[in-house]
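Asker: The structure follows.
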Amino acid sequence: MSDLERYQYDVVVIGAGGAGLRAAIEAREHGLRTAIICKSLFGKAHTVMAEGGIAASMGNVNSKDSWQVHFRDTMRGGKFLNNPRMAELHAQEAPQRVWELETYGALFDRTPEGKISQRNFGGHEYPRLAHVGDRTGLELIRTLQQKIVSLQQEDLREHGDLDARIRVFAELTVTDLLKDGDAISGAFGYWRESGRFVVFEAPAVVLATGGIGKSFKVTSNSWEYTGDGHALALRAGATLINMEFIQFHPTGMVWPPSVKGILVTESVRGDGGVLRNSEGKRFMFDHVPDVFRGQYADTEEEADRWYSDADNNKRPPELLPRDEVARAINTEVKEGRGSPHGGVFLDVSTRLPADEIIRRLPSMHHQFKELADVDITAEPMEVGPTCHYVMGGVEVDADTAAAVVPGLFAAGEVAGGMHGSNRLGGNSLSDLLVFGRRAGAGAAAYVEGLGERRPAITDDDLAAASKTALEPFTIGGAADAAVENPYSIHSEMQQMMNDLVGIIRREAEIAEALQRLTGLRERADRAGVEGHRQFNPGWHLALDLRNMLDVSECVAKAALERTESRGGHTREDFPAMDPQWRGVNLVCRLTDDGVELTRQPVPAIRPELLTLFERTELSKYLTDDELAVFDEASG
Ligand code: FAD
């Protein structure tokens, strides 16, 4: 192919959010030649949008905190479906990763004694989120980018070439992973501006592509989150787990329609904000589920005292894990106690002085003033659930982040297992750092183990990848009346996923969703575009569509199969949590007949980790056989 750019690297990292940058730094620090690819501008990733903070048990605000308490909270938040080894490594290593960020130049907010400040968040027993106002992600990305620039400066001094061992390819979309036999041999993509094709020959690829939110209509996610990494992994023969678990963040903006879904950070509640319905009632007290009763306050007075005396009072129920709060809001609205625009009220104006609100929540103040003409220092916000995060993702080895395909690694939101059925706020940024680093190290070890051997890419591989990428032009140019518009298909799919596989699910509706996905897939096969390859958003969307359809099919199939309610999967027809399902991961793989679903056991929780919990709590989640392991371990 004449218009093909070719590059050779040891490790190719797809994604320049927190997970991708941390992985790239690690691979480069192992001395490997590393490429970072991102489909948006460098620095524009989901990570930059993160507001509330990074969860790490540094114990700066409450010295009782420890990795064991963080592990316990994470397992509880995930309703015990988490990969326990990932939750353990995450809780143990998060503090080191935050301190490391300081050595890269991060400037966190401080406590009066000068330590890194930590704030409260839903599901975390102690104040645990290291933060920079409500712009933590910006500081995280700025710092990691600065570290990469410093590594490039080192290379300039040593090799006379800034890009000698680490180079960023921005606004380049990867459309296919390439393989030599069973193993990864590289990645194929196109420059968004010119449409020109690019191939990266590399034995190791780290997927760090983030989430899938753009498959749903109401979402806090931005345009890039079309599930590319999930779909690339599937097509390369890797497996996805837990895809039924989608986090609907309880507080997205609901008005005006143009901004519906934009996130309202959980810090508003962490810093004292309360949720009220149209009757002015703090309704969360009516929605504390049995598994959490005893850990949350029963009265407003006790809940309010907790902010100044957390040791002697129970937490406000506004700080329950996100799945619980989202379901409660949904119920209030459905039962007719919603706000004028179909949400509920989130009020911080009567809880903190105006100057304190502006100091702690500058972005929220700005966001509501600019987008909704609401002054949050004087009036409540209207909020409702928004599709925010996917717990499901590429099945990986906890220690090395390796997927089942040799040479493929995944970290960050695209990887599955760590958060079980529901992620706690703040646990994503820590996940990116902990497992980004592990993925970079895993990829480096894999490449070093290959020695001189390198997988090959054939001309046939390239011809096939380029033919697939150009398909929308071939169809668009056929002057066939059956040509479909990618934008119409996307918008129908988003509405359908929201309505039929959204926050509350029912068997008949999920079955209908699967049927409609088959129809949408047939139409997507005829999605055509006109014009040139130079910046052509219709073409880009036509290519993204197949990713979103693959991923949506996984979500719907797994949602139909799991006949219980747990975390980010609520079945109205099976409202209870079932201990028999606690130990089951649903695994998706792609076959010639579409997505195939199988069951696989969730890795067992080591007995020493089980003994961190009370038996009464475990008995709400585990089967009798599992409880016998606890009984033996605790003597
Ligand atoms: P991302 O940061 O999402 O980056 C993905 C990268 O992959 C991008 O560079 C993108 O361009 C690239 N990419 C995708 N597809 C392709 C492709 N085909 N080819 C090339 N490149 C591709 N979590 C917390 O822990 N604390 C918070 O306070 C918090 N606040 C949040 C606020 C908002 C508004 C949102 C949306 C999320 C928030 N989260 C928070 C969640 C967290 O930000 C994300 O889960 C996390 O940043 C994901 O990071 P990542 O590195 O996995 O991917």
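The values are calculated or read from the model by the stated rules, or taken from the named source; none is laboratory data. These figures come from a predicted structure and were not determined experimentally. Cβ sites come from the backbone with ideal geometry, for glycine too, and all protein chains shown count toward neighbours. Ligands, DNA and RNA are stripped out before the accessible areas are found, and what is left, the full protein with its side chains, is counted by its heavy atoms. Shrake-Rupley method; radii C 1.70, N 1.55, O 1.52, S 1.80 Å.
Asker: Yes or no: the range 296-306 includes at least one residue that is touching a residue at least 24 places away in the same chain (Cβ under 8 Å) and touching a strand residue (DSSP E or B) at 6+ places or on another chain (Cβ under 9 Å).
Answerer: yes
Asker: For the range 9-102, give me every one of the helices (runs of 4 or more DSSP H) that falls completely inside it and has 2 or more residues that are within 22 Å of R269 (Cα to Cα) and open to solvent by 20 Å² or more (accessible area, probe 1.4 Å).
Answerer: 46-49, 67-77
Asker: Turning to a different aspect of this structure: Exactly one of (1) open to solvent by less than 30 Å² (accessible area, probe 1.4 Å); (2) within 29 Å of K179 (Cβ to Cβ) is unmet by T458. Its number?
Answerer: The one condition T458 does not meet is (1).
Asker: May I pose another question? Do you know which residues across the range 474-491 are at pLDDT 95 or above and hydrophobic (A, V, I, L, M, F, W, C)?
Answerer: Within the range 474-491, just I489 meets the criteria.
Rundown of residues vs (1) within 12 Å of the ligand (Cβ to nearest atom); (2) in contact with a His (Cβ under 8 Å, 6 or more places away or on another chain); (3) outside any loop (DSSP other than H, G, I, E, B), yes/no style:
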position: A398; (1), (2), (3): no, no, no
position: P406; (1), (2), (3): no, no, no
position: E413; (1), (2), (3): yes, yes, yes
position: M418; (1), (2), (3): yes, yes, no
position: L424; (1), (2), (3): yes, yes, no
position: L433; (1), (2), (3): yes, no, yes
position: R438; (1), (2), (3): no, no, yes
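Asker: Is it the case that E608 is without any contact (Cβ under 8 Å) to a residue 40 or more places away in the chain, assigned to a strand (DSSP E or B), open to solvent by 10 Å² or more (accessible area, probe 1.4 Å) and not polar (S, T, N, Q)?
Answerer: no
Asker: Any residue at all in the range 372-380 that's part of a strand (DSSP E or B), hydroxyl-bearing (S, T, Y) and at pLDDT 95 or above?
Answerer: Looking for residues that are part of a strand (DSSP E or B), hydroxyl-bearing (S, T, Y) and at pLDDT 95 or above, one finds none in the range 372-380, hence no.
Asker: Looking for whichever is polar (S, T, N, Q), surrounded by 13 or more Cβ atoms within 10 Å (Cβ to Cβ) and either modelled with pLDDT under 95 or out of contact with any strand residue (DSSP E or B) (no Cβ under 8 Å at 6 or more places or on another chain) (or both) here; the options are Q515, Q534, Q494. Which one fits?
Answerer: Step by step, each of Q515, Q534, Q494 is checked, and only Q494 is polar (S, T, N, Q), surrounded by 13 or more Cβ atoms within 10 Å (Cβ to Cβ) and either modelled with pLDDT under 95 or out of contact with any strand residue (DSSP E or B) (no Cβ under 8 Å at 6 or more places or on another chain) (or both).
Asker: Before we move on, is S267 hydroxyl-bearing (S, T, Y), within 13 Å of the ligand (Cβ to nearest atom) and more than 17 Å from the chain's Cα centre (by Cα)?
Answerer: yes
Asker: Still on this structure, I have one more. What number of residues within the range 103-120 are surrounded by 14 or more Cβ atoms within 10 Å (Cβ to Cβ) and in a loop (DSSP other than H, G, I, E, B)?
Answerer: Residues that pass the stated criteria total 6.
Asker: Of the residues V218, V268, which is closer than 30 Å to L543 by Cβ and either open to solvent by less than 10 Å² (accessible area, probe 1.4 Å) or in contact with a strand residue (DSSP E or B) (Cβ under 8 Å, 6 or more places away or on another chain) (or both)?
Answerer: V218
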